[in-house]
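> Structure provided below as C-alpha cells; questions to follow.
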Amino acid sequence: MLVTADGGIKLADFGVAAQLQSSIAKRSTVIGTPHWMAPEMLDQMEQYDNKVDIWGIGITAIELAQLKPPFFEMETMPAMRRITNGLPAKLEPETAATLEFHAFLRAVLVKHADARPTAGQLLEHKWVTSAKGAPLAKLVGEQEKALKEEALAQAGGGGGGAAMGVEDG
C-alpha cells in the first residue's frame, strides 16, 4: 500500500505484471503468493482475467482488518486447496467490522470470477463511497511535519551529534 501526501491510498503489486489486451484477454501463468490468489488462478486448468485483482483486494482488506490473510496458519498446499474447493474467506468472528465492510467482502470474494464486480462497480459500493480519508490525511501530515523537523535539525546541527540522538561528550 502506498500513501499519497494528501492521505490517499494506492494499492501496488511489485510482482509479475502483464497487460491484458483484447487479443490476449486471459492469462494462465501462476506466479504469486497463494494466500492472496483467486481460485481460478490456483485451479491451473482455468484461464483468468483481471477479476483476480478484485479477489486480491478482498484478501488484502481482510489482511488489513485482521493483520494476517485468511488461512495464514495453514501450509501452502492445504491453503490452496481450501481457496479452490472451500467457501470463500471471511473475517474471523472477533474482528470488528461494519455491515458495509462485510458486504464488500461478500461482493469481491465470489468463487466464480464472472460474478465478481468490476473495479468500476466497486467504486460505487457503499463501503467505498462512505470511506473518509481525513484521519489518514492527518497522520500523513504529522509524519511529513516530523520528517521536515528532523531534516532541519540535521541540516542545522553542524556536525553536532545531539541532533541525531547522540550525546555530546
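> If I filter the range 62-81 down to residues being assigned to a helix (DSSP H, G or I) and buried (at least 19 other Cβ atoms within 10 Å of the Cβ), which single residue comes out as modelled with the highest pLDDT?
Taking the range 62-81 first, the residues assigned to a helix (DSSP H, G or I) are 62-66, 76-81.
Right, trim to buried (at least 19 other Cβ atoms within 10 Å of the Cβ) and you get 62, 79-80.
On the way: ILE62: 92, ALA79: 89, MET80: 89.
Ranking the candidates gives ILE62 first.
> Exactly one condition in (1) at pLDDT 90 or above; (2) touching a helix residue (DSSP H, G or I) at 6+ places or on another chain (Cβ under 6 Å) is not met by THR95; state its number.
So THR95 meets the others, but not (1).
> Quick check on this structure: which one of ALA107, ALA38, ALA146 is open to solvent by 40 Å² or more (accessible area, probe 1.4 Å) and among the small types (Gly, Ala, Ser)?
ALA146
> Can I ask one more? Can you pull out the residues in the range 111-129 that are open to solvent by 40 Å² or more (accessible area, probe 1.4 Å), in contact (Cβ under 8 Å) with a residue 40 or more places away in the chain and closer than 17 Å to THR60 by Cα?
LYS111, THR118, ALA119
The values are calculated or read from the model by the stated rules, or taken from the named source; none is laboratory data. Since the structure is predicted, the reported quantities are computational estimates derived from the model, not experimental observations. When we count neighbours, we look across all protein chains shown, and the Cβ atoms used for this are built from the backbone with ideal geometry, even at glycine. Quick note on the areas: whole protein, heavy atoms, side chains included, nothing else; ligands and nucleic acids left out. Shrake-Rupley method; radii C 1.70, N 1.55, O 1.52, S 1.80 Å.
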